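Chemist: Got a structure for you, written out below as structure tokens; questions coming shortly.
The values are calculated or read from the model by the stated rules, or taken from the named source; none is laboratory data. All values derive from a computational prediction rather than experimental measurement. Neighbour counts run over all protein chains shown; Cβ positions are idealised from the backbone, glycine included.
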Amino acid sequence: MDDVANHLCISKKTLYEYFKDKEDLVKNVVFLDHERMDSFFSDITKQKLNAIEELLEVYGLIHNMFRDYNPSMEYDIRKYYPDLYNNIKEIRRKRMFETVYHNIMKGKTEGLYRKELNSKIIAKLHVLRVENMFENELFTVKEISSFKVFHEIFLYHVHGILNQKGVKFFYRNFKKIMVELV
């Protein structure tokens, strides 16, 4: 709390007027970040894009997030605030599942994704892959915090859901977004 107060150029007493303790501060910061993410996803939905364009927008958003990602933050929250960590994990899991599920349903309706997909199973598998990327010992911290692993998971997911029409549309637009991100 001393470091936070010093960084904000306020007294610790002033900081405690807004937060009852360190855990309350951490909780508020984490939930503010989640609200910001929800806002980004909501903005993407409001754009009335097709399912693949939505995927590409999310890809760009996550690409930018990886630039600032610090795995030690998640580790510290899990270690020092396990209840908060589990709450965050559940919120993230629910949001990711719903986002992927709705995207798959939309893509099937638009004729861009394979019709025979079991949308719930594929959405759950995607959530499982992403979650386990962070909670295993197969990848080093450096690999996880690099964008390469997410990029491969994204391409793996996309190739599993797209039909031929979707593949053509995806690669025409994927090249554009890759140029923008570099």
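Chemist: So which of K120, K124, K115, K106 ends up being at pLDDT 95 or above and within 27 Å of N70 (Cα to Cα)?
Modeler: Criteria check complete, one pass: K124.
Chemist: Scan region 78-124 for residues that are crowded, with 17+ Cβ neighbours inside 10 Å, within 28 Å of V26 (Cβ to Cβ) and without any contact (Cβ under 8 Å) to a residue 24 or more places away in the chain and jot them down.
Modeler: Passing the criteria: only Y85.
Chemist: Restricting attention to region 1-51, which residues are over 30 Å from R93 (Cα atoms) and of a type in the set (D, E)?
Modeler: D2, D3, E17
Chemist: Restricting attention to region 42-61, and to residues there that are over 20 Å from K168 (Cα atoms) and touching a helix residue (DSSP H, G or I) at 6+ places or on another chain (Cβ under 6 Å), which single residue is surrounded by the fewest Cβ atoms within 10 Å (Cβ to Cβ)?
Modeler: L61
Chemist: Then there's this: Would you check if K176 is surrounded by fewer than 18 Cβ atoms within 10 Å (Cβ to Cβ), more than 30 Å from E23 (Cβ to Cβ) and in contact with a helix residue (DSSP H, G or I) (Cβ under 7 Å, 6 or more places away or on another chain)?
Modeler: no
Residue-wise test of (1) outside any helix (DSSP H, G or I); (2) modelled with pLDDT under 90; (3) small (G, A, S).
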position	(1), (2), (3)
L15	no, no, no
K20	yes, no, no
K27	no, no, no
H34	no, yes, no
I52	no, no, no
L56	no, no, no
M65	no, yes, no
N86	no, no, no
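Chemist: When you go through (1) farther than 22 Å from Q164 by Cβ; (2) more than 19 Å from the chain's Cα centre (by Cα); (3) part of a helix (DSSP H, G or I) one by one for L138, which number turns out not to apply?
Modeler: With (1) farther than 22 Å from Q164 by Cβ; (2) more than 19 Å from the chain's Cα centre (by Cα); (3) part of a helix (DSSP H, G or I) applied to L138, the lone miss is (3).
Chemist: Given the conditions (1) under 19 Å from the mean Cα position of the chain (by Cα); (2) closer than 26 Å to F150 by Cα; (3) surrounded by 12 or more Cβ atoms within 10 Å (Cβ to Cβ), report the number of the one that K27 does not fulfil.
Modeler: (2)
Chemist: Do you know which residues across region 15-43 are among the basic types (K, R) and free of Cβ contacts under 8 Å to residues at least 12 places away in the same chain?
Modeler: K20, R36
Chemist: Can you tell me which of V158, V182 is modelled with pLDDT under 90 and not basic (K, R)?
Modeler: The unique qualifying residue is V182.
Chemist: Please enumerate the residues belonging to region 125-135 that are of a type in the set (A, V, I, L, M, F, W, C), farther than 27 Å from K48 by Cβ and without any contact (Cβ under 8 Å) to a residue 40 or more places away in the chain.
Modeler: Within region 125-135, L125, L128, M133 meet the criteria.
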